[in-house]
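S.K.: This is the structure I want to talk about, given as structure tokens.
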Amino acid sequence: MQRLFGDDAPSRADAVAPSGAPLATRLRPRTLDEFVGQDRLLQPGSALRTAIEEGRPHSMILHGPPGSGKTTLARLIAESSSAAFEEQSAVQAGRAEVRAVIERARERLSTSGTRTIFFLDEIHRFNKAQQDALLPAVEDGLITLIGATTENPYFEVNSALLSRTQVYVLEQLSSAQIRTLLDRAVHRGECGTRTVEPEALEFLADRSGGDARTALNALELACQTAGEGPGSDSVTLAYAEDALQRRALLYDRQADYHYDTISAWIKATRGSDPDASLYYLALMLEGGEDPRFIVRRMVVLASEDIGNADPQALTVATAAAQAVEHVGLPEAQFALAQAAIYLSLAPKSDATKRAIVAARELISERGADLPPSYLRSSTRKRGDYDNPHKRPGHVSPQELMPESAIGRRLYEPDEAEARLREHLEEIRRARGRGS
């Protein structure tokens with residue numbers, strides 16, 4: 001199997017990485033058994049695992065965050081087949097390079113019957129015309145395309161190309177999975193005779209943002225730096241911090257600090273302090289918190305602490321939730337920050353929360369009475385329901401509460417909902433139920 005970077009530079013995709021290559025490259029797994037992460041995609045019997053095990057590759061788009069294994073999977077797929085392997089990055093390649101790959105694939109197929117796998121990294125960097133140049137070769141089976149992208153392919157890849165490929169979504173690696181890779185590097189002697197303190201490994205696993213490449217290359221740098229230190233033969237937390245250019249945080253997603261920090265964010269945002277809100281948001285993001293956990297609290301706060309004082313707050317929060325699902329981190333941090341600032345500066349009101357709590361307490365204490373007969377679909381007689389649309393101002397004096405709840409006021413707008421309070425009083429007076 002060949003890997004061609006140019007007309008005269010063939011090499012094998014499964015060749016051992018040179019000793020001078022980065023640690024992440026040297027440690028790249030060569031079998032599925034060595035691969036860490038993506039358990040859902042690679043579960044026994046799955047389409048992707050079957051394609052690898054049986055050596056029957058198909059065109060696909062691998063979508064996932066940096067360091068999640070896209071390039072490694074592409075190489076494993078190529079190594080399992082008898083196809084030639086060509087690799088290009090859309091950052092550097094253009095239509096000319098793509099045409100050259102296709103021409104070599106055509107010649108290879110006609111002379112030896114060998115098919116070609118074309119791995120195109122950062123495929124979202126190709127414009128429409130460049131992506132269109134791939135279509136005939138993919139459709140005819142001349143090349144098997146494996147595109148890799150950190151961006152949502154449904155937004156960045158042409159629909160015509162998407163329809164000819166299978167999209168696989170890779171998940172960010174967990175801290176435990178990255179720790180497995182770091183331990184593997186240490187056990188293989190990648191740090192030489194130096195020992196690596198567990199605190200340093202834990203820090204790199206937690207603070208690498210789910211990016212295996214970042215964690216491994218930081219470990220390599222920490223080992224090199226420790227080796228240059230005076231009389232040092234141990235990679236400490238300080239070396240790991242320096243290599244990753246991040247500080248160790250007192251943040252554990254599984255411990256009390258996880259809840260303490262989101263509590264601090266809620267109280268800071270409720271207290272209308274955007275600086276404090278952003279600080280605790282940044283702390284959670286730096287600590288590797290799940291952005292979906294954060295944005296769920298934003299949606300709750302938008303109704304619980306702002307409500308109808310600014311109904312747009314809920315729209316902003318739910319839009320941030322959609323952004324988290326569509327683009328993920330790191331880009332979603334901007335949507336989260338925008339929402340945090342908006343929620344902090346929005347007028348505050350817990351009237352909605354108090355209203356629904358009061359309504360549920362009333363029903364819990366007294367039970368639920370049937371609505372008046374003229375409101376029920378099963379017992380309403382023709383003409384006994386007073387439709388407000390037939391009244392001036394679209395307001396009817398007809399009683400709408402069940403008998404046991406007549407006169408109870410559950411929603412009491414506060415000063416942040418002054419406009420709603422005035423409007424509600426006007427309606428109550430028009431219905432004959434003024435203060």
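Just so you know, all these numbers are worked out from the coordinates, no wet-lab data involved. Fair warning: this is a prediction, and the values are worked out from it, not measured in the lab. When we count neighbours, we look across all protein chains shown, and the Cβ atoms used for this are built from the backbone with ideal geometry, even at glycine.
S.K.: Classify the range 264-321 from the C-alpha gyration tensor, please: rounded if a/c falls under 1.5, else prolate or oblate depending on whether a/b exceeds b/c.
M.R.: Judged from the Cα gyration tensor, the range 264-321 comes out oblate (a/c at least 1.5, b/c at or above a/b).
S.K.: Another question, then. Using a Cα-Cα cut-off of under 26 Å, which lysines could be cross-linked to Lys267, ignoring same-chain neighbours fewer than 8 residues away?
M.R.: Lys348, Lys353
S.K.: How far, in degrees from 0 to 90, does helix 351-366 lean away from the longest principal axis of the Cα atoms of the chain, to the nearest 10?
M.R.: So the inclination is approximately 70 degrees.
S.K.: State the Cα centre-to-centre distance between the range 274-290 and the range 382-435 in whole Å.
M.R.: If we compute the Cα centre of each part, the gap is 43 Å.
S.K.: Between Asp39 and Glu202, what is 0.36 nm times their sequence separation minus the Cα-Cα distance? Round to one decimal in nm.
M.R.: Length gained, Asp39 through Glu202: 56.5 nm.
S.K.: Can I ask one more? Positive end of the dipole of the chain, charges at C-beta (+1 Lys, Arg; -1 Asp, Glu), about the Cα centre: which of Ala105, Ala268, Leu400 has its Cα farthest in that direction?
M.R.: Leu400
S.K.: About the Cα centre of the range 175-244, what is the dipole size in debye to 20, counting +1 per Lys and Arg Cβ and -1 per Asp and Glu Cβ, all else neutral?
M.R.: 260
S.K.: Bin width 20 Å, alpha-carbon pairs only: give the P(r) of the chain as whole percents, running from 0 to the bin holding the largest distance.
M.R.: Result, from short to long distances: 20, 38, 26, 14, 2 percent.
S.K.: Specify the angular offset, from 0 to 90 degrees and rounded to the nearest 10, of the alpha carbon long axis of helix 256-270 from the longest principal axis of the alpha carbons in the chain.
M.R.: Approximately 50 degrees, to the nearest ten.
S.K.: So, one more: What does the charge add up to near Pro136, with Lys and Arg as +1, Asp and Glu as -1, over the other residues with Cβ less than 12 Å from its Cβ?
M.R.: Local charge sum for Pro136: 0.
S.K.: Summing Lys, Arg as +1 and Asp, Glu as -1, what charge do residues with Cβ under 12 Å from the Cβ of Thr149 carry, Thr149 excluded?
M.R.: So the environment of Thr149 carries a net charge of -2.
S.K.: Could you give the distance between the Cα centres of the range 158-178 and the range 81-128, to the whole Å?
M.R.: With the range 158-178 and the range 81-128 each reduced to a Cα centre, they are spaced 20 Å.
S.K.: Next question, about the same structure. Computed over the Cα atoms of the range 175-244, what is the convex hull's projected area averaged over all directions, in nm²?
M.R.: 3.8
S.K.: Continuing with the same structure: Could you tell me the extents of the range 3-169's C-alpha atoms along the three principal axes, largest first, rounded to whole Å?
M.R.: Here the spans come out as 36, 36, 30 Å, largest first.
S.K.: Using only DSSP helix segments of four residues or longer, with each worth -39500 (n - 2.57), what per-residue ellipticity at 222 nm results for the chain after dividing by its residue count and rounding to 500?
M.R.: The per-residue figure over the chain is -14000 deg cm²/dmol.
S.K.: Pairs of Cα atoms under 8 Å, at least six residues apart: use those to get the relative contact order of the chain, whole percent.
M.R.: Relative CO of the chain lands at 11 percent.
S.K.: Further, regarding this structure: With the alpha-carbon atoms as the only input, what is the per residue convex hull volume for the range 265-366 in Å³?
M.R.: Normalising the Cα hull of the range 265-366 by residue number yields 97 Å³.
S.K.: Name the residue farthest towards the positive end of the dipole of the chain from the options Thr150, Ala309, His63, assuming +1 on Cβ of Lys and Arg, -1 on Cβ of Asp and Glu, about the Cα centre.
M.R.: Final value for the positive-end residue is Ala309.
S.K.: Separate question: Can you tell me what share of the DSSP beta bridges in the chain is antiparallel? A percent to the nearest 5 is fine.
M.R.: If I count the DSSP bridges inside the chain, around 10 percent turn out antiparallel.
S.K.: What is the fewest-to-most order of Val101, Val186 by other Cβ atoms lying within 10 Å of their Cβ?
M.R.: Val186, Val101
S.K.: Tell me whether the range 48-141 comes out rounded, prolate or oblate; compute the Cα gyration tensor, take square roots of the eigenvalues as a ≥ b ≥ c, and use a/c under 1.5 as the rounded threshold.
M.R.: Taking the square roots of the gyration eigenvalues as a ≥ b ≥ c, the range 48-141 is oblate.
S.K.: Using a Förster radius of 60 Å, what is the FRET efficiency between Tyr374 and Gln92 based on their Cβ-Cβ separation? Nearest 0.05, please.
M.R.: Efficiency, rounded to the nearest 0.05: 0.20.
S.K.: GluC sites (Glu not before Pro), restricted to the range 268-346: which are DSSP loop and have at most 15 other Cβ atoms within 10 Å?
M.R.: Glu331
S.K.: Once the other residues with Cβ under 15 Å from the Cβ of His124 are scored (Lys, Arg +1; Asp, Glu -1), what is the net sum?
M.R.: -3
S.K.: Mind checking the dipole of the chain: about its Cα centre, +1 per Lys or Arg Cβ, -1 per Asp or Glu Cβ, Debye to the nearest 20?
M.R.: It comes to approximately 1760 debye.
S.K.: Helix 312-327: angle to the longest alpha-carbon principal axis of the chain, degrees 0 to 90, nearest 10?
M.R.: Approximately 20 degrees, to the nearest ten.
S.K.: Moving on to the next point. Compare the Cα positions of Ala346, Phe35, Ala368 along the charge dipole of the chain (+1 at Cβ of Lys, Arg; -1 at Cβ of Asp, Glu; about the Cα centre) and return the one farthest towards the positive end.
M.R.: It is Ala368, whose Cα lies furthest towards the positive end.
S.K.: Could you sort the peptides 173-181, 87-95 by per-residue average Cβ neighbour count (10 Å cutoff), highest mean leading?
M.R.: Order by mean packing, descending: 173-181, 87-95.
S.K.: Test of understanding: what is the full-extension gain from Gln338 to Asn387, defined as 0.36 nm times their sequence separation minus their Cα-Cα distance?
M.R.: 13.3 nm
S.K.: With the cut-off at 1.5 for a/c, could you classify the range 331-435 from its C-alpha gyration tensor as rounded, prolate or oblate?
M.R.: Because a/c hits 1.5 or more and a/b exceeds b/c, the range 331-435 counts as prolate.
S.K.: In what sequence, highest mean first, do 216-223, 387-394 appear when ranked by Cβ atoms within 10 angstrom?
M.R.: My ranking of the peptides, most packed first, is 216-223, 387-394.
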